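Okay, so here's the structure we're looking at.
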Protein chains: 2
Amino acid sequence: MSPSLDTAGLGARAAEMLDELAQISASADHLTRFFLTPEHRRGADLVARWMRQAGLEVTEDALGTVRGHRPGASPDAPRLLFGSHIDTVENAGRFDGCLGVVLPILALDWLARSGHQAPFGIDVLAFGDEEGSRFPTTLSASAAIAGIFSPSMLAARDSDGVRFEDALRAYGKDPADIPAAAYDPARVIAYVEAHIEQGPVLEVEGEPLGIVTAIAGASRLSVTVTGEAGHAGTVPMRLRHDALLGAAEMALAIERIAVEAGDGMVATVGRVHVEPGAVNVIPARVVFTVDLRSGSDLSRRTALERLEREAHHVADRRGLGVVISAFHEVGTVPCFPDLQRRLAEAAASLGARPVWMPSGAGHDGQAVSRLCPIGMLFVRCRGGISHNPAEYASPADMGLAAGTLVRFIERFEWPGPAGSLREAGESA
Amino acid sequence: MSPSLDTAGLGARAAEMLDELAQISASADHLTRFFLTPEHRRGADLVARWMRQAGLEVTEDALGTVRGHRPGASPDAPRLLFGSHIDTVENAGRFDGCLGVVLPILALDWLARSGHQAPFGIDVLAFGDEEGSRFPTTLSASAAIAGIFSPSMLAARDSDGVRFEDALRAYGKDPADIPAAAYDPARVIAYVEAHIEQGPVLEVEGEPLGIVTAIAGASRLSVTVTGEAGHAGTVPMRLRHDALLGAAEMALAIERIAVEAGDGMVATVGRVHVEPGAVNVIPARVVFTVDLRSGSDLSRRTALERLEREAHHVADRRGLGVVISAFHEVGTVPCFPDLQRRLAEAAASLGARPVWMPSGAGHDGQAVSRLCPIGMLFVRCRGGISHNPAEYASPADMGLAAGTLVRFIERFEWPGPAGSLREAGESA
């Protein structure tokens with residue numbers, strides 16, 4: 001163990017690396033780095049250079065995922081995986097994804113310098129397709145390492161009509177090699193991803209680090225409320241069937257349902273379309289969306305049932321029709337309790353008192369969870385702002401997170417007490 | 001008095017006349033008759049022919065208003081005015097406006113045949129610009145007879161760029177003659193307009209006729225609610241400033257205010273714009289409209305103040321900004337109590353039990369109210385539907401309305417007991 005862990009130095013170096021990576025962009029005045037583009041290539045090359053500087057053996061898989069490997073006691077030793085993604089949204093911040101690639105490289109660099117040795121191997125993975133900014137696919141790279149890549153993804157097209165498969169070949173990859181990108185589940189211990197929070201909780205709590213309990217499941221619904229158009233001046237209030245007022249009550253019911261769940265559930269009505277949408281006509285039809293997320297699938301399902309019930313109650317009372325249809329469903333991915341505990345203890349050893357919280361946003365860990373237990377470490381970001389040039393995490397907080405990964409790896413025992421990780425997982 | 005008033009015959013004839021007028025349209029498959037068009041010309045000519053058949057002297061003023069005159073005891077005798085409009089919206093029904101031209105012609109025809117004589121003169125007016133379908137002006141024709149025509153209207157342009165003034169000249173009129181279209185207030189007794197209700201109240205009440213108590217004043221507001229955008233998955237409910245949920249509460253408060261006014265006030269949120277309007281982003285800004293109408297200006301002002309107060313209360317509680325601005329204000333035009341009573345008594349003499357109600361829609365009477373006391377008679381229309389080919393009033397109801405006008409004229413005393421009408425007006 002390295003008692004004099006220089007987290008400030010690690011944080012400063014992380015900031016430098018993120019600045020350097022942010023220079024690689026499709027645009028001169030803002031950061032945009034899409035999957036399988038020249039910018040992706042240059043970003044991957046920079047990450048590979050850093051990995052080599054940290055003593056890692058670098059390879060690249062059929063999806064362009066850069067893999068930095070630190071051997072364990074034997075070539076067949078099971079591996080602990082770290083990683084995140086280096087693609088960005090358009091006009092992005094520099095922390096989202098990249099932080100989770102830079103931090104484990106810095107941690108492994110520190111460990112190499114401090115003479116740390118482990119019986120297990122360690123891989124750092126830099127995925128290229130998390131944001132889904134280019135193709136209408138997402139998590140294709142992390143799906144490949146988990147062995148769940150769907151060949152149908154190859155037919156997807158970007159906004160210029162370029163097929164995923166053709167872009168992949170132009171990037172120098174052969175789709176025939178994708179199956180070989182998959183890890184053998186028997187040879188993987190766990191996957192740990194560090195990421196900025198992308199929300200305001202840590203800032204509000206005044207804590208630099210968060211332990212993710214689960215990547216929230218999400219339901220997206222389209223709700224159509226049908227009433228009766230009418231002249232805004234001539235139809236008395238008691239004779240109206242105003243679709244908008246029904247929708248307003250439903251939106252407030254949805255808020256109440258999320259708040260009363262009391263377990264971090266969030267619900268958002270983000271899009272509202274009113275017909276006919278004239279100043280002097282009673283709304284006849286309203287279509288709105290609901291985005292509902294929870295760290296518990298049971299809680300989410302219960303909320304959806306209550307939402308359905310309350311929407312129909314409102315509709316019945318007001319003489320309206322209502323049709324609810326789900327157009328997107330992703331189940332909750334729980335983080336492995338044992339990994340949560342280990343990450344929290346590592347953070348605590350550096351004086352942090354991390355906040356336990358679900359992740360409302362999606363991450364590569366969702367795909368990797370099909371391969372092995374996953375854990376996630378959140379880093380406070382200013383104002384909760386993400387997907388925006390104003391995205392910011394302080395060097396001090398990033399240093400603490402790098403130090404947490406160092407301590408996590410130093411304290412990691414493998415094989416630990418027989419089946420410890422698996423048992424914890426089965427009870428999750 | 002004509003005891004054997006054939007209301008069924010009058011209604012059947014009204015339906016025939018409305019059918020004939022509805023054939024005059026800019027379109028072969030639906031009814032569209034705009035101001036100062038060839039269709040307006042043909043419609044006006046047909047109305048003039050009916051007027052002559054009813055024994056009226058026909059003239060036309062500088063706005064194209066057809067005026068059918070029945071002389072009183074002397075050429076200078078004060079006149080009782082009846083009328084409505086013969087222009088339509090696009091794809092219109094055949095009753096809106098035209099009914100109020102056809103019914104008094106039928107009433108005067110009946111009275112002429114029954115040998116009725118009156119000391120006062122009677123004019124039937126067919127206005128051509130009530131709907132505002134062609135120019136962004138409205139009530140220009142009724143404003144002219146009231147002496148309140150604004151010359152600025154002449155500069156208005158239709159959607160083809162044609163100026164109001166040029167259209168008027170092409171119609172064969174000279175703007176210099178507009179002042180001469182105004183009646184001398186000292187020579188006018190009152191104005192009475194029959195109109196379909198354009199709302200569902202009479203149908204719901206099961207009564208064919210309504211006595212209008214006032215043409216409702218209206219306020220139109222734009223309400224802008226400002227919150228804070230955020231990731232739908234990562235911002236906990238307690239940290240949100242969701243502009244849409246604030247707007248939803250305000251819309252429901254507006255409904256409550258109108259219902260609790262308990263005096264026929266109606267309020268409508270018809271248009272809603274949500275920004276950024278994405279499924280997974282907390283709404284940062286919502287702009288919505290409010291259309292508020294009441295037969296009492298005091299009641300409307302009180303409601304607006306309460307609306308302002310409650311909107312700010314909601315905004316404060318949710319940490320939102322709110323700005324309310326009025327973009328349209330029209331004061332209430334009360335119908336003359338004495339005319340209401342006379343119309344009701346005339347209807348009652350035919351066995352009807354008319355419903356007293358405000359008019360939520362606007363009418364030519366609003367402009368004419370600047371000239372003289374006004375009264376309005378509503379006729380039940382099916383489903384409350386108007387501005388639509390499905391618009392319908394039954395021959396039986398129209399006949400009862402024509403009969404009511406006959407009785408109203410027969411019983412009208414002028415000069416009545418000294419100052420009777422004026423006194424009633426002053427106490428209104």
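The values are calculated or read from the model by the stated rules, or taken from the named source; none is laboratory data. These figures come from a predicted structure and were not determined experimentally. Here the Cβ is made from the backbone with ideal geometry for all residues, glycine too, and neighbour counts use every protein chain on show. Surface accessibility is based on the protein's heavy atoms, side chains included, excluding ligands, DNA and RNA. Shrake-Rupley method; radii C 1.70, N 1.55, O 1.52, S 1.80 Å.
Buried accessible area between A and B (1.4 Å probe, both chains summed, ligands and nucleic acids excluded), in Å² to the nearest 100?
Values: alone 18080 and 18130 Å², together 32200 Å².
Answer for the A-B pair: about 4000 Å² buried.
Per residue and in Å³, how big is the convex hull formed by the alpha-carbon atoms of the stretch B:209-283?
Values: hull volume 8.9 nm³, N = 75.
Taking only Cα atoms, the stretch B:209-283 has a hull volume of 118 Å³ per residue.
Among DSSP beta bridges whose residues both lie in the protein assembly as shown, state the antiparallel percentage, nearest 5. It would help to have the intermediate numbers written out before the result.
On the way: 88 of 130 bridges.
So the antiparallel bridges amount to about 70 percent of the total.
Counting only other chains, and only Cβ atoms inside 10 Å, what mean value do you get across the residues of A:274-285?
Working: counts 7, 0, 2, 5, 5, 13, 11, 5, 5, 6, 0, 0.
Mean shielding count: 5.
Expressed as a fraction of 2.2 N^0.38 Å, the rule-of-thumb size for a compact globular protein of N residues, what is the C-alpha radius of gyration of the stretch B:217-330?
The value comes to 1.11.
Arranged from highest to lowest average of other beta-carbon atoms within 10 Å per residue, in what order do the peptides B:127-139, A:257-269 appear?
With the highest mean Cβ count within 10 Å placed first, the list reads B:127-139, A:257-269.
Any idea what angle helix B:243-261 forms with the longest principal axis of chain B, computed on alpha-carbon atoms, 0 to 90 degrees, nearest 10?
Value to nearest ten degrees: 40.
Just to be sure I understand: if I project the alpha-carbon convex hull of the stretch B:288-428 onto a plane and average over all orientations, what area do I get in nm²? Write down the numbers at each step before the final one.
On the way: hull surface 47.6 nm².
Over every viewing direction, the Cα hull of the stretch B:288-428 projects on average to 11.9 nm².
Could you rank A:W110, A:W356, B:W50, A:W414 by how accessible they are, 1.4 Å probe, largest area first?
Working: A:W110 55, A:W356 130, B:W50 5, A:W414 75 Å².
Correct descending sequence by accessible area is A:W356, A:W414, A:W110, B:W50.
Write out the GluC sites (Glu not before Pro) in the stretch B:325-415 meeting two conditions: DSSP loop, and at most 16 other Cβ atoms within 10 Å of their Cβ.
Sites meeting the loop and neighbour criteria: B:E413.
Which log10 I(q)/I(0) values does the stretch B:87-182 give at q = 0.12, 0.14, 0.22 Å⁻¹ under the Debye formula, counting every alpha carbon as one identical point scatterer?
So the normalised log intensities work out to -0.50, -0.65, -1.16.
Once the stretch A:1-136 is represented by equal point scatterers at the alpha-carbon sites, with solvent omitted, what log10 I(q)/I(0) does the Debye formula produce at q = 0.15, 0.16, 0.18 Å⁻¹?
So the normalised log intensities work out to -0.71, -0.79, -0.96.
Whole number please: convex hull volume per residue of the Cα set in the stretch A:144-258, in Å³?
So the per-residue Cα hull volume is 268 Å³.
Of all the accessible heavy-atom surface of the protein assembly as shown, with the other protein chains kept in place and a 1.4 Å probe, what percent is carbon and sulfur?
Values: 16270 of 32200 Å².
It is 51 percent, rounded to a whole number.
Any idea what the A:P179 label distances to the other copies are, label 7 Å down the Cα→Cβ vector, nm, shortest first?
9.7
What is the log10 of I(q)/I(0) for the stretch B:50-125, computed with the Debye formula using one identical point scatterer on each Cα and no solvent, at q = 0.17, 0.27 Å⁻¹?
After summing over all Cα pairs, the log10 values are -0.65, -1.31.
How large is the translational diffusion coefficient of the protein assembly as shown in µm² per second when you combine the Kirkwood radius over alpha carbon pairs with Stokes-Einstein at 20 °C and 1.002 mPa s?
Values: Rh = 31.8 Å.
Diffusion coefficient, whole number: 67 µm²/s.
Based only on Cα atoms, what Rg/Rh ratio does chain A have, Rh being taken as Kirkwood's radius?
On the way: Rg = 23.9 Å, Rh = 23.1 Å.
Reported Rg/Rh, Kirkwood definition of Rh: 1.03.
Beyond 20 Å, what share of the Cα-Cα pairs of the stretch A:352-419 remains, rounded to the nearest whole percent? The partial results should precede the final answer.
Numbers: 1054 of 2278 pairs.
When all Cα pairs of the stretch A:352-419 are counted, 46 percent exceed 20 Å.
Which whole number in µm²/s is D for the stretch A:166-207 by Stokes-Einstein, with the Kirkwood Rh taken over Cα pairs at 37 °C and 0.692 mPa s?
Numbers: Rh = 14.6 Å.
Value of D from the Cα-based Kirkwood radius: 225 µm²/s.
Closest approach to the A-B rotation axis by any Cβ of A: residue and distance in angstrom?
Result for the A and B rotation: A:A248, 2.
Just counting partner chain Cβ atoms within 10 Å, what average do the residues of peptide B:354-360 show around their Cβ? Before the final figure, lay out the partial values.
On the way: counts 0, 0, 0, 2, 3, 2, 7.
Counting other chains' Cβ atoms within 10 Å and averaging over B:354-360 gives 2.
As a test of the formula, what do you get for chain A when each DSSP H run with n ≥ 4 contributes -39,500 (n - 2.57) and the sum is divided by the residue count, at 222 nm and rounded to the nearest 500 deg cm²/dmol?
Numbers: 12 runs with 147 residues, N = 428.
The helix contribution divided over chain A gives -10500 deg cm²/dmol.
How much area per residue is accessible in the stretch A:1-154 when the probe is 1.4 Å and only protein heavy atoms are counted (Å²)?
Details: 5440 Å² over 154 residues.
That works out to 35 Å² per residue.
So for the stretch A:217-330, averaging the separation of alpha carbon pairs under 8 Å that are six or more residues apart and normalising by length, what relative contact order in percent results?
Values: 229 pairs, mean separation 51.5, N = 114.
Here the relative contact order equals 45 percent.
Do any trypsin sites (Lys or Arg not before Pro) in the stretch B:356-404 lie in a loop, going by DSSP, with at most 13 other beta-carbon atoms within 10 Å of their beta carbon, and if so which?
Numbers: sites: B:R370, B:R380, B:R382; in loops: B:R370, B:R380.
Answer by residue number: there is no such site.
Work out the mean other chain Cβ neighbour count within 10 Å for the residues of A:241-252 and drop it here as an integer. Spell out each step's value before the answer.
Values: counts 0, 5, 0, 10, 7, 0, 3, 13, 5, 1, 8, 5.
Mean partner-chain Cβ count within 10 Å for A:241-252: 5.
Between the label point of B:R52 and that of the same position in each other copy, find the distances and list them shortest first in nm, with every label point placed 7 Å from Cα along the Cα-to-C-beta direction.
Nearest to farthest, the other copies are at 10.3 nm.
What are the distances, in nm and sorted shortest first, from the label point of B:V204 to the label points of the same position in each other copy, with each label point placed 7 Å from Cα along the Cα-to-Cβ direction?
4.3
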